[in-house]
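Just so you know, all these numbers are worked out from the coordinates, no wet-lab data involved. Just so it is clear, the structure is predicted and the values come from calculations on it, not from any experiment. Using ideal geometry, Cβ is built from the backbone for each residue, glycine included, and neighbour counts are taken over all protein chains shown.
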Amino acid sequence: AQSVTQLGSHVSVSEGALVLLRCNYSSSVPPYLFWYVQYPNQGLQLLLKYTSAATLVKGINGFEAEFKKSETSFHLTKPSAHMSDAAEYFCAVFTDKLIFGTGTRLQVFP
Amino acid sequence: NAGVTQTPKFRVLKTGQSMTLLCAQDMNHEYMYWYRQDPGMGLRLIHYSVGEGTTAKGEVPDGYNVSRLKKQNFLLGLESAAPSQTSVYFCASTRGGRNQPQHFGDGTRLSIL
């Protein structure tokens, strides 16, 4: 059965620092992987998706993620955090349904 | 450019009351989903629909019913609300296909007293 594990329910960084949010997946078939962002009192918005075309995927707001099959990982990064990046981030894997991780709340300090 | 619209946005119910949450999408999407979001648990799929007139159970379907009489609408019903159903409910839609992202509404915050 497919699943997603997000390591760290909370991550704190200083403004301008590197953002790294970790996601590992388990899937018996080639996965389709997604990162979504949720701002307070809003629904989820798509950040980026991996669909096997390229292992390094660029998304909105300067985020990118790299698919590593050998590590079953799809970590999300951003070189320089901005205050507006504070939100909750969800990794998800799709095989026959979309399965979400439990989320990582990102705090950005000035 | 509405996308996915959920009504109501907030609701407080008493145990045993019933209510219906409405989801409407204007993107002509085939697939629609209802999720619940609880702290520390991510989003869990309640029910979904792969087209008008079809519904299927997700991960946590007990205590909920759904209907998809029109392609653009997906209704979630609670026949007899219980405190364990206090949650934030999200509707989503997609064209279908494994690589298609889901588009989400802004959620309905439901409290059962």
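Label point 7 Å out from B:Asn65 along Cα-to-Cβ: which residues of region B:1-19 have amide N under 14 Å? It comes to B:18-19, nothing else.
Work through the residues other than B:Pro101 whose Cβ is under 10 Å from its Cβ and net out their charges, Lys, Arg +1 and Asp, Glu -1. Walk me through the numbers on the way to the answer.
Numbers: positive: A:Lys49, B:Arg95; negative: none.
Around B:Pro101, the charge tally is +2.
3J(HN,Hα) along region A:93-100: 10, 10, 10, 9, 9, 8, 10, 9 Hz, from the Karplus curve 6.51 cos²θ - 1.76 cosθ + 1.60 with θ = phi - 60°, whole Hz, x for Gly and Pro.
What does the charge dipole of chain B about its Cα centre add up to, to the nearest 20 debye, if the Cβ of each Lys and Arg holds +1 and the Cβ of each Asp and Glu holds -1? All intermediate terms of the calculation are to be shown ahead of the outcome.
Values: 12 positive and 8 negative charges, 17 e Å.
Dipole about the Cα centre, nearest 20: 80 debye.
With the convex hull of the Cα atoms taken as the outline of the protein assembly as shown, the averaged projected area works out to 12.3 nm². Counting Lys and Arg as +1 and Asp and Glu as -1, what is the net charge of the other residues whose Cβ lies under 15 Å from the Cβ of B:Lys57? So the environment of B:Lys57 carries a net charge of +1.
Shown in residue order for region B:87-97 are the 3J(HN,Hα) couplings computed by the Karplus curve 6.51 cos²θ - 1.76 cosθ + 1.60 at θ = phi - 60°: 5, 10, 9, 10, 9, 9, 9, 7, 5, x, x Hz (x for Gly and Pro). Sequence-ordered 3J(HN,Hα) estimates for region B:2-7 from the Karplus curve with 6.51, -1.76 and 1.60 and θ = phi - 60° stand at 6, x, 10, 10, 10, 9 Hz, glycine and proline given as x.
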